[in-house]
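S.K.: Please see the structure below; I have some questions.
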Amino acid sequence: MGRFLVVCVFFILMILSCNGAVTIESPQVKNVFMGTNHLMIFWEKNELIENSTDFAGYNVYVYTDSSALLVDDGEELNKFNSQTIQDTTFQANGLLQDRVYFVQVRTVNTENKVNGYNATTPFMRASPRPEFTVTMKIAAESQPVNDSSAVRYSDGLVMADSSMIGSAADMWVKASGDTVWFVSPSGHPLYGSGARQTMLSNIGPGDFNAISGIASEPASEEIEVVAGEIVVAKNEDGNYVKLYIDTIDLQNDVIVILYAYQNIPEFPYF
């Protein structure tokens, strides 16, 4: 009886050892910051995952078809990283500005087996977008016509507000005393009739790169701004824009703006 028990225990241990390393729950992607041709992907640091003796690292997947990522078996997926990732951030380079990408992260165990996707956040959507830095003149409210106080978001063309309608400008800048305003072309006192409408929202001081999407729809045609603040805009074509006010020089009536233009309409990520 004792010999039989020993044999059975040995047989059970052999079965358990043959099963090998277990797969580990995949982490939740927390954010994706967008650049001009890359995505910076951040996911949770989970000690339960990383302290597992079976944990080896992470794989990142960047697909243009979200349905392809919704499979439990990740062995057939094409990972973006060349080697297993040990950190909780990864930069995916060489991406196109006119594509929407779906980003997913999965854990890999010590036997190179890939786990299923995270059920809470299966993927996040993102798209690289162009950035522009423009220097504009600030029009005085008492004399709104200025040669360089309007801008077209799509290509950073700075123009006279008098040419806003024909050149499809999306915004112009004015000052009243020491107060500076971003204004929709439709709100211009002389050239607003027939001009494009842009909605704006000032979200206050912030890190330009850390803001990657809208919290609420822009709702004003005219907003007050100061240096260091970030403005979210949506133009008449449905393109979202993130603007950072770098410098305001009221002595010379000049403003410098860095902005990201999401060239995919109705895609509220930038």
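S.K.: From the residues in region 1-48 that are β-branched (Val, Ile, Thr) and at pLDDT 90 or above, which one is nearest to residue 96 (Cα to Cα)?
M.R.: In this case the residue turns out to be 36.
S.K.: Output the number of the condition that residue 212 fails; it satisfies all remaining conditions of (1) touching an Asp or Glu at 6+ places or on another chain (Cβ under 8 Å); (2) closer than 24 Å to residue 100 by Cα; (3) not β-branched (Val, Ile, Thr).
M.R.: (1)
S.K.: Give the residues of region 136-162 that are small (Gly, Ala, Ser), assigned to a loop (DSSP other than H, G, I, E, B) and surrounded by fewer than 21 Cβ atoms within 10 Å (Cβ to Cβ), sorted by residue number.
M.R.: Scanning region 136-162 gives 142, 148, 154, 156, 160.
S.K.: Checking residue 262 against (1) over 27 Å from residue 98 (Cα atoms); (2) out of contact with any Pro (no Cβ under 7 Å at 6 or more places or on another chain): exactly one of these is not met. Which one?
M.R.: (1)
S.K.: Where residues in region 123-135 are assigned to a loop (DSSP other than H, G, I, E, B) and in contact with a Ser or Thr (Cβ under 8 Å, 6 or more places away or on another chain), which of them is farthest from residue 234 (Cα to Cα)?
M.R.: Top of the filtered list is 123.
S.K.: Got a sec? Which of 108, 114, 103 is surrounded by 15 or more Cβ atoms within 10 Å (Cβ to Cβ) and within 20 Å of the chain's Cα centre (by Cα)?
M.R.: 103
S.K.: Something else about it: Take region 245-267 and flag every residue that is assigned to a loop (DSSP other than H, G, I, E, B) and surrounded by 16 or more Cβ atoms within 10 Å (Cβ to Cβ).
M.R.: Those that are assigned to a loop (DSSP other than H, G, I, E, B) and surrounded by 16 or more Cβ atoms within 10 Å (Cβ to Cβ): 253, 262, 263, 264, 267.
S.K.: Do we have residue 191 as surrounded by 18 or more Cβ atoms within 10 Å (Cβ to Cβ), within 27 Å of residue 269 (Cβ to Cβ) and hydroxyl-bearing (Ser, Thr, Tyr) here?
M.R.: Judged against the criteria, residue 191 is not a match.
S.K.: Can you tell me which condition residue 204 does not meet? The list is (1) over 20 Å from the mean Cα position of the chain (by Cα); (2) part of a strand (DSSP E or B), and all the others hold.
M.R.: Result: residue 204 passes all but (1).
S.K.: Same structure again: It is to be established whether one or more residues within region 63-71 are part of a strand (DSSP E or B), in contact (Cβ under 8 Å) with a residue 40 or more places away in the chain and not assigned by TED's automatic domain parsing to the domain that holds residue 153.
M.R.: Yes, some residue in region 63-71 is part of a strand (DSSP E or B), in contact (Cβ under 8 Å) with a residue 40 or more places away in the chain and not assigned by TED's automatic domain parsing to the domain that holds residue 153.
S.K.: All but one of (1) touching a helix residue (DSSP H, G or I) at 6+ places or on another chain (Cβ under 7 Å); (2) outside the structural domain of residue 50 (by TED's automatic domain parsing); (3) at pLDDT 95 or above hold for residue 144, so report the exception by its number.
M.R.: (3)
S.K.: Only one residue in 215, 160, 175, 227 is under 19 Å from residue 261 (Cα atoms) and of a type in the set (A, V, I, L, M, F, W, C), so which one is that?
M.R.: When all the criteria are applied, what remains is 215.
S.K.: Further, regarding this structure: For region 117-129, how many residues are surrounded by 17 or more Cβ atoms within 10 Å (Cβ to Cβ) and within 25 Å of residue 263 (Cβ to Cβ)?
M.R.: 6
S.K.: Go over the candidates 241, 231, 226 one by one and state the one that is surrounded by fewer than 21 Cβ atoms within 10 Å (Cβ to Cβ) and either β-branched (Val, Ile, Thr) or in contact with a Cys (Cβ under 8 Å, 6 or more places away or on another chain) (or both).
M.R.: Within the list 241, 231, 226, the selection yields 226.
S.K.: While we're on this one: Determine if region 219-236 includes at least one residue that is free of Cβ contacts under 8 Å to residues at least 24 places away in the same chain, assigned to a loop (DSSP other than H, G, I, E, B) and closer than 26 Å to residue 99 by Cβ.
M.R.: No, because not a single residue in region 219-236 is free of Cβ contacts under 8 Å to residues at least 24 places away in the same chain, assigned to a loop (DSSP other than H, G, I, E, B) and closer than 26 Å to residue 99 by Cβ.
The values are calculated or read from the model by the stated rules, or taken from the named source; none is laboratory data. Because the structure is a prediction, the values reported are computed rather than measured. Neighbour counts are summed over all protein chains in view; Cβ atoms, including those assigned to glycine, are modelled from backbone coordinates with ideal geometry.
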